[in-house]
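The values are calculated or read from the model by the stated rules, or taken from the named source; none is laboratory data. These figures come from a predicted structure and were not determined experimentally. Cβ atoms come from the backbone with ideal geometry, glycine included; neighbour counts cover every protein chain shown. The accessibility values were calculated without ligands, DNA or RNA, using every heavy atom of the protein model including side chains. Shrake-Rupley method; radii C 1.70, N 1.55, O 1.52, S 1.80 Å.
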Amino acid sequence: MSGLNPHFKAALQSALERYETPFYAYDLASIQARVGALRAAFPKAEVFFAMKANPRLGILRRLLGWGVFLEAVSVGEVRRAYAAGFKRTEVLLNGPVKTPAALAELKELGVPLLGLDSLADAERVARHLPGSHVLLRVNPDLPVVTHDHLATGRGESKFGVLPQDVGQALEIARAGGLDVLGLHVHLGSALEHPEDFRAGYAVMERLYQEYGPFEVLNLGGGFGLGLDLAALAPEALGLAERLGVELWLEPGRYLVAEAGVLVTRTWGTKQTRRNFLLVDAGMSHLLRPMLYGAEHPVEPLYAGGAPQTFDLAGPACESGDILARGLTLPTPQEGDALAILQAGAYGSSMSSNYLDTPRPLELLWTGEEWEVLRQRQSWESLLLEEQSEG
Ligand SMILES: Cc1ncc(COP(=O)(O)O)c(C=O)c1O
């Protein structure tokens, strides 16, 4: 996996002179390059960015300018998409639970494209929002290779309807007056094996032959950073062509992961039975290592001394608050900075206020200057919902 681009690395040094750590920083050129690479691989596909990967308005608005639409998974995300300027037909809302209150809220806001996730969901959406344009999510029941929490296409996952239930779900949706555009599959996230995608495409082809014709085929996201998309794309495009449908994709990680870093400073070392480097970012800022065992490469932003092997220990009072293990790094001085790479997807969006930690500053490098995408959250704002009326 490649390290930091030298221009971006130099820009990070200038950010370190102005801003306190920890902060997220994104390289706009990298996001633009990923959009370009995706479009080159899938020239005719409609791209819906999975906004849960990175919902900063400053990023969403750029994507809108490049003709990318959004995939949302909550009413809050739909509101954010509309606030960024996306139209109803440019937002696709997925998700397994849509309550009557959520559906009423969507009616007020303007109903986006909707993904149906179960028989109950199909029935409820039809009851509350008849006439909506929907896709039905299929659970292809395949043994996809990724972390258990990311394997949405396995039969044990909570997502989608099994192939044998597709007919019944379609009947419910159509009888309820929904306009079914097509079927949807999202096999999982951080998938590195093209065979998983091929197996998913084969399931979809069978279902389209059995239940088609449809207008749209949504093959989801899930592209791992090491996947050879150019090799996989012709198979997806060929499938869409054979079925005579428009191809939709929902990548999250692929578009933004490599564009983002979490910058943290080191505040000493300590030894127990392991050698730790103490840093000011932790699980409240970047949860992925703890949640998924995710491994993020780390690049020093200092010259430093002799190399040593460290675990990167965050400030939380939690044994699991280790951002990386077994890193070989030059020995830093107190206050030296590190960049935690591939943090542009599911980094800030999964950050929390655990331990009264304010959410960190987020910056975008435009190639010329740093744009503040989100201010560091004020500690005072953490108290707002607790203030009494009197
Ligand atoms: C329905 C759906 N589509 C797309 C995505 C994006 O996945 P990725 O970021 O792995 O591309 C997700 C992620 O969880 C998802 O649940």
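Rounded to the nearest 10 degrees, the inclination of helix 100-109 to the longest alpha-carbon principal axis of the chain is 90 degrees.
Largest GNM mean-square fluctuation among Ala257, Ala53, Ala104, using the chain with Cα springs under 10 Å: Ala104. Of all DSSP-defined beta bridges confined to region 28-254, some 0% are antiparallel rather than parallel. Using the Cβ-Cβ distance between Glu192 and Lys9 with R0 set to 35 Å, the FRET efficiency from 1/(1 + (r/R0)^6) comes to roughly 0.85.
When nucleic acids and ligands are ignored and a 1.4 Å probe is applied, Tyr201 ends up with an accessible area of around 20 Å². Residues of region 315-329 falling in the label zone of Ser352, defined by backbone nitrogen less than 18 Å from a point 7 Å along Cα to beta-carbon, are 315-324.
Taking label points 7 Å from Cα along the Cα-to-Cβ direction, Phe276 and Gln387 give a separation of 3.7 nm.
Under 13 Å from a label point set 7 Å out along the Cα-to-Cβ vector of Arg79, the amide N atoms of region 108-135 belong to 108-110.
Relative to the dominant Cα principal axis of the chain, helix 166-175 is inclined by about 70°.
Rounded to the nearest 10 degrees, the inclination of helix 28-41 to the longest alpha-carbon principal axis of the chain is 30 degrees. Out of the total accessible area of the chain (probe 1.4 Å, heavy atoms of protein only), what percent is carbon and sulfur? Summing carbon and sulfur atoms, their accessible area is 51 percent of the total for the chain. Remark: region 1-115 carries 42 Å² of accessible area per residue (probe radius 1.4 Å; ligands, DNA and RNA excluded). Averaging the sequence gap over all C-alpha pairs within less than 8 Å and six or more residues apart, then dividing by the number of residues, gives region 54-170 a relative contact order of 19 percent.
With every protein chain in place and a 1.4 angstrom probe, the accessible-area ranking of Glu380, Glu258, largest first, reads Glu380, Glu258.
The Cα center of region 206-258 and the Cα center of region 1-57 differ in position by 23 Å. Remark: relative contact order (region 138-205) = 40 percent; criterion is Cα-Cα distance under 8 angstrom and separation of 6 or more residues.
Based on protein heavy atoms only, region 211-303 ends up with 37 Å² per residue of surface accessible to a 1.4 Å probe.
Ordering Met51, Met290 by accessible surface, largest first, gives Met290, Met51; the 1.4 Å probe counts only protein heavy atoms, with every chain in place. For the pair Glu334 and Arg88, label points projected 7 Å from Cα toward Cβ lie 6.0 nm apart.
Based on C-alpha pairs under 8 angstrom that are at least 6 apart in sequence, the chain has a relative contact order of 18 percent. Taking every Cα-Cα distance in region 1-132 and sorting them into 5 Å bins starting at zero, the pair-distance distribution P(r) comes out as 2, 9, 17, 16, 16, 13, 11, 8, 5, 3, 1, 0 percent. Only bridges whose two residues both fall in the chain count here: according to DSSP, what percent of them are antiparallel, nearest 5? So the antiparallel bridges amount to about 40 percent of the total. Listed cross-link partners Lys52/Lys87; Lys44/Lys87; Lys98/Lys158; Lys9/Lys44; Lys44/Lys98; Lys87/Lys158 are compared with a 23 Å cut-off, the Cα-Cα value being larger for Lys9/Lys44; Lys44/Lys98; Lys87/Lys158. A Förster distance of 22 Å, applied to the separation of the beta-carbon atoms of Gln164 and Glu246, puts the FRET efficiency at 0.25. Protein-only accessible surface at a 1.4 angstrom probe places the residues Tyr292, Tyr208 in the order Tyr292, Tyr208, largest first. With r as the distance between the Cβ atoms of Ala33 and Glu123 and R0 = 45 Å, compute the FRET efficiency 1/(1 + (r/R0)^6) and round to 0.05. Plugging the Cβ-Cβ distance into 1/(1 + (r/R0)^6) gives 0.55. What does the C-alpha gyration tensor say about the overall shape of region 28-254? Classify as rounded when a/c is under 1.5, otherwise prolate if a/b is larger than b/c, or oblate. Since a/c reaches 1.5 but b/c is at least a/b, the shape of region 28-254 is classed as oblate. For region 300-318, the residues whose amide N sits under 18 Å from a probe point set 7 Å from the Cα of Arg376 along the beta carbon direction are 314-316.
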